[in-house]
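One structure is given below, encoded as structure tokens.
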Amino acid sequence: MDQAAGSPQDAGSLPVCYRHPDRGTGIRCTRCERPICPECMVNASVGFQCPDCVRGTSGAGPAPAAARPRTLAGGGITADPRLVTKVLIGLCLAAFFAQLSAGDSFTSRFELIGRAYVPLLGGVEGIAEGQYYRLLTPMFLHGSYIHILFNMLSLWWIGGPLEAALGRARYLALYLVSGLAGSALTYLLAEPNQPSLGASGAIFGLFGATAVLMRRLNQDMRPVVALLVINLIFTFSPGFNIAWQAHIGGLVAGVVVGYGMVHAPRRRRALIQYGICALVLVAVVVLTLVRTSQLT
């Protein structure tokens, strides 16, 4: 005997909508991850949300911790889902103004250099000289108005929605780990006297994580893939003087960390997510030590 679509038996192989138990669905709220049917889902900037999360509550009265609205990756929902992105842009702008005010000596002191004599500083400088902060500080420096404008626009367009999907702490971890991975690969492969700077490595990490997230939500990946391909073409085009190592290192780290962020099971989710970040950082340390041993 034929079974009508949407009946309990038909829905048995799928989770059921939390508001309509007779309807099976493969869609989940991107905040609280409860199953929702097409009638209940509300379009959001990333994926769909349930009516309760849209109203800012998960039921009458205070919700238990396990049922509180959370991002797809398990982060807390905040009033300003782009706060970290704004802070990062602010730090990059502040560093750029410092570069303009203090001159080349400021940039030379904080840009990524493997090992080289720097006339402005009067000595041999670089990561191989124990200046490991140079793996981090270049992520906030830029070489021109066009350079910082392009990177900050990319950070706003890509970073804002991704921060809303992951939550502040996970998003910041992704950004920093991706940037450090890009710096480490640049340190390993580039000429030691070749300076490098820019937020591009971290931003490429956001590109990679965004692609993973869109795949997880079964969304159309063609726009982000097209944008990524265009950026990679510029990366490897002669005449642009781009540190391709930072882009590739950040992209690979972003894909790895992003996959861990959005696919980690609920049980021990935070442990798995930050554990993957730690593993990528271990790889950064290993690459740094290998290159330092080569240069000293």
Helix runs (DSSP H) in the chain reaching 20 Å along axis by Cα, Kyte-Doolittle at least -1.0
83-102, 168-189, 200-216, 222-236, 244-263, 269-295
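Would you mind counting up the charge near GLN245? Only other residues with Cβ under 15 Å from its Cβ, with Lys and Arg at +1 and Asp and Glu at -1.
0
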Under the definition of Cα pairs under 8 Å and six or more residues apart, what whole-number percent is the relative contact order of the chain?
16 percent
If you take every residue apart from PRO81 with its C-beta less than 15 Å away from the C-beta of PRO81, what net charge results, scoring Lys and Arg +1 and Asp and Glu -1?
+4
If r is the Cβ-Cβ distance from LEU136 to HIS20 and R0 is 45 Å, what FRET efficiency results, to the nearest 0.05?
0.35
Taking the Cα centre of each part, how many Å lie between region 248-275 and region 175-223?
14 Å
Taking the chain, the equivalent ellipsoid from its C-alpha gyration tensor has semi-axes in Å, biggest first, of 43, 18, 17
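What FRET efficiency comes out for ALA226 versus VAL54 if R0 is 25 angstrom and r is the Cβ-Cβ distance? Round to the nearest 0.05.
It comes to 0.25.
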Suppose R0 equals 22 Å; then what is the FRET efficiency for GLU191 and ILE146 from their Cβ-Cβ distance, rounded to the nearest 0.05?
0.35
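Since every read-out is calculated from the coordinates, none of them should be taken as a lab result. Predicted, not measured: the structure shown is a model, and the values here were computed from it. As a convention, Cβ positions derive from the backbone with ideal geometry for all residues, glycine included, and neighbour counts pool all protein chains shown.
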